Amino acid sequence: MEKQSHLLLWKAVFVLIIIGLGFGIYAGSKSIDYTWRWERIPQYIINTEATTVRSPFDGTATIEKGNKLVVTSDYGDDPLVIKKFDNLLVSNGDLVFEGDPLVEVENWNIGPLTWGLVMTLQLSVVSLVFAVVIGLFAGLARISTNPALRYLSVTYIELIRGTPLLVQIFIFYFFIGTVLDLDRFTAGVAALSVFTGAYIAEIVRSGIQSISPGQMEAARSLGMNYVQAMVNVILPQAFKRTLPPMAGQFINLIKDSSLVSVISITDLTKAGREVVSSTFAPFEVWFAVALMYLVLTGALSWAIQRLEKRLSASD
Amino acid sequence: MTNMTDKSIIQARNIEKIYPNGCHALKNVSLDINRGEVVVIIGPSGSGKSTFLRTLNQLETISDGTIHIDEVSLTDRKTNINKVREEVGMVFQSFNLFPHKTALGNVALSPIKVKKKPRTVAEQEGRELLKKVGLAERMNNYPSHLSGGQQQRVAIARALAMHPKIMLFDEPTSALDPEMVGEVLDVMKSLASDGMTMVVVTHEMGFAREVADRVVFMEEGELVFEESPERFFSSDNPRLQRFLGQVL
């Protein structure tokens with residue numbers, strides 16, 4: 001019981017600290033000369049502004065039963081039929097002229113920030129797939145007994161880990177992109193997957209080396225060849241063990257993808273910069289952008305935790 | 001004499017094993033083992049008995065000498081070692097079960113992947129083998145939910161699933177709590193009475209006395225002495241006497 005109440009106390013301390021921090025940020029935001037305009041942000045995420053449908057020709061509007069608007073043309077064009085709308089702007093029998101507003105339709109348009117989010121997601125997913133493939137083979141080569149494979153892998157890992165991602169993105173876009181005639185997206189994906197692959201290779205290597213050599217011996221003694229033993233015995237176990245560091249690396253990949261905005265890929269970060277220049281509300285935009293990154297990374301880490309739980313059945 | 005070699009399923013001749021660090025693990029070891037024979041190898045730790053056993057399925061390579069398993073040379077470059085290993089089952093001191101597979105999954109894995117048996121067939125055979133080692137109730141348990149004795153029996157069933165001609169046992173009871181040694185030895189005894197060719201490295205003198213057709217004593221990488229159990233345990237070989245004095 002004593003221990004229980006202590007735990008409760010410390011949880012209360014945590015909540016107090018969070019509230020204190022929140023208040024600090026709020027007080028800080030009040031003390032500066034800045035007008036907060038949060039209301040400007042949502043339209044850049046989802047645009048719910050109604051669009052107006054205008055008449056394409058001169059004619060007569062009739063409203064038929066079942067709320068259907070039909071505009072008959074004066075010049076024999078095919079009649080315009082609008083079945084779905086939210087606000088009617090004309091009455092039955094009205095004469096309408098070309099360009100007159102007929103109805104308003106409320107539809108949800110995806111705003112630039114959401115487009116950025118989609119681009120970030122695409123970049124991350126495609127890069128992730130390639131990074132895992134590159135990392136797996138580089139990691140296996142790293143522990144190979146063949147010196148050529150081993151040195152190649154070490155060189156790759158050291159080169160990539162020793163240079164900044166930003167510089168690599170420039171090299172991939174301006175040099176390799178020019179030589180191989182790559183578009184922005186391909187260059188961005190290539191840079192991100194080659195970069196992340198080097199880190200995944202090290203995770204794969206340590207994962208495989210953490211499996212006891214007896215596992216490989218047992219598999220080989222049953223007549224499996226090296227590849228069969230790797231695929232059926234070693235890698236499934238290593239996969240489970242490397243999930244936590246892999247999750248960290250995947251989250252890094254999502255965050256690192258923000259750097260490709262320097263080669264003019266309109267990802268979430270670049271979209272944020274564009275929205276700032278049209279709203280003049282930098283604080284709100286960057287907070288919103290951070291939140292959107294958090295949604296992506298949070299969802300990923302939740303999914304991986306679920307997977308870990310499912311794989312722990314054999315523990 | 002020619003008859004003798006015809007019957008041998010294992011022929012190990014003049015085996016030398018020198019590790020890269022200079023350690024001389026096996027010195028001119030020769031041993032022939034006949035079909036259906038149970039050979040127990042005993043000796044102090046570091047005597048090379050496990051190393052010798054592991055050379056028989058090439059988990060350990062040899063520096064010199066020849067090994068023939070069922071007339072196939074293991075040192076011949078053209079030999080597919082994976083094919084030989086299908087014929088030679090091995091049971092390890094530390095079980096080495098695959099922790100991500102259930103007991104049945106462990107037993108059925110290799111028949112499915114190596115022998116390309118349909119899953120249903122492999123699992124049916126697996127169930128029968130697990131029943132044979134007394135684990136009918138435990139088929140769907142993961143290794144972490146089995147006792148040491150149960151794990152070792154699964155490991156034996158897993159090796160048997162490949163229908164080997166020879167079974168190698170590398171100190172199969174050394175990692176077990178004393179009360180579980182019996183259940184594993186019982187399985188091994190029934191295997192011996194089924195006529196399986198077995199090579200067993202162990203410290204279980206009772207098993208050697210009771211089940212072995214021949215007992216081999218190794219020390220410092222040399223095969224010192226081999227005899228039938230009755231003669232072996234009544235021998236007055238000084239090196240053997242010294243060792244038996246220590247363990248009994």
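Within the stretch B:136-167, the set of residues being within 21 Å of B:Thr202 (Cβ to Cβ), touching a Ser or Thr at 6+ places or on another chain (Cβ under 8 Å) and not basic (Lys, Arg) comprises B:Gln152, B:Ala159, B:Ile166, B:Met167. Only a single criterion out of (1) open to solvent by 10 Å² or more (accessible area, probe 1.4 Å); (2) out of contact with any helix residue (DSSP H, G or I) (no Cβ under 6 Å at 6 or more places or on another chain) is not satisfied by A:Ala218, namely (1).
Pick from A:Ser73, A:Ser91: which is surrounded by fewer than 15 Cβ atoms within 10 Å (Cβ to Cβ), of a type in the set (Ser, Thr, Tyr) and farther than 21 Å from A:Glu284 by Cβ? Outline the logic, then answer.
Working: A:Ser73 fails: surrounded by fewer than 15 Cβ atoms within 10 Å (Cβ to Cβ).
Of the residues listed, the single one that is surrounded by fewer than 15 Cβ atoms within 10 Å (Cβ to Cβ), of a type in the set (Ser, Thr, Tyr) and farther than 21 Å from A:Glu284 by Cβ is A:Ser91.
Of all residues in the stretch A:221-258, which are in contact with a helix residue (DSSP H, G or I) (Cβ under 8 Å, 6 or more places away or on another chain), part of a helix (DSSP H, G or I) and either charged (D, E, K, R) or facing chain B (nearest Cβ under 7 Å) (or both)? Listed by number, the residues that qualify are A:Ser221, A:Gln228, A:Asn232, A:Val233, A:Gln237, A:Lys240, A:Arg241, A:Lys255, A:Asp256.
When the stretch B:87-101 is limited to residues that are more than 19 Å from B:Asn141 (Cα to Cα) and buried (at least 20 other Cβ atoms within 10 Å of the Cβ), the one that is nearest to the other protein chains (Cβ to nearest Cβ) turns out to be B:Met90.
If only residues of the stretch B:112-132 that are among the aliphatic types (A, V, I, L, M) and away from chain A (no Cβ under 14 Å) are counted, the one that is surrounded by the fewest Cβ atoms within 10 Å (Cβ to Cβ) is B:Val121.
Conditions (1) open to solvent by less than 20 Å² (accessible area, probe 1.4 Å); (2) more than 14 Å from the chain's Cα centre (by Cα); (3) away from chain A (no Cβ under 13 Å), marked per residue:
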position: B:Gln58; (1), (2), (3): no, no, no
position: B:Thr61; (1), (2), (3): no, yes, no
position: B:Asp64; (1), (2), (3): no, yes, yes
position: B:Asn80; (1), (2), (3): no, yes, no
position: B:Ala103; (1), (2), (3): yes, yes, no
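Suppose the filter is away from every other protein chain (no Cβ under 13 Å) and under 20 Å from B:Met188 (Cβ atoms); does B:Leu135 pass it? Here the answer is yes, as B:Leu135 does meet what is asked.
Here's the yes/no breakdown for (1) among the hydroxyl-bearing types (Ser, Thr, Tyr); (2) open to solvent by less than 20 Å² (accessible area, probe 1.4 Å):
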residue: A:Met246; (1), (2): no, no
residue: A:Phe250; (1), (2): no, no
residue: A:Asp256; (1), (2): no, no
residue: A:Leu259; (1), (2): no, no
residue: A:Ile263; (1), (2): no, yes
residue: A:Ala271; (1), (2): no, yes
residue: A:Ser277; (1), (2): yes, no
residue: A:Ala288; (1), (2): no, yes
residue: A:Val295; (1), (2): no, no
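With a requirement of 1 or more residues that are open to solvent by less than 20 Å² (accessible area, probe 1.4 Å), the strands (runs of 3 or more DSSP E) lying completely within the stretch B:137-248 that satisfy it span B:166-170, B:197-201, B:214-219. When A:Ile211 is tested against the conditions (1) in contact (Cβ under 8 Å) with a residue 12 or more places away in the chain; (2) away from chain B (no Cβ under 14 Å); (3) not in a helix (DSSP H, G or I), the lone failure is (2). Within the set B:Asp186, B:Asp170, the sole residue that is farther than 24 Å from B:Leu109 by Cα, of a type in the set (Asp, Glu) and modelled with pLDDT of 90 or more turns out to be B:Asp186.
Here B:Asn28 meets the list (1) open to solvent by 20 Å² or more (accessible area, probe 1.4 Å); (2) assigned to a strand (DSSP E or B); (3) within 14 Å of chain A (Cβ to nearest Cβ) almost entirely, failing just condition (3).
The values are calculated or read from the model by the stated rules, or taken from the named source; none is laboratory data. These numbers come from a predicted model, not from an experiment. No Cβ is skipped: glycine too gets one built from the backbone with ideal geometry, and neighbour counts run over all protein chains shown. Please note that ligands, DNA and RNA were not included when accessible areas were found on the heavy atoms of the full protein model with its side chains. Shrake-Rupley method; radii C 1.70, N 1.55, O 1.52, S 1.80 Å.
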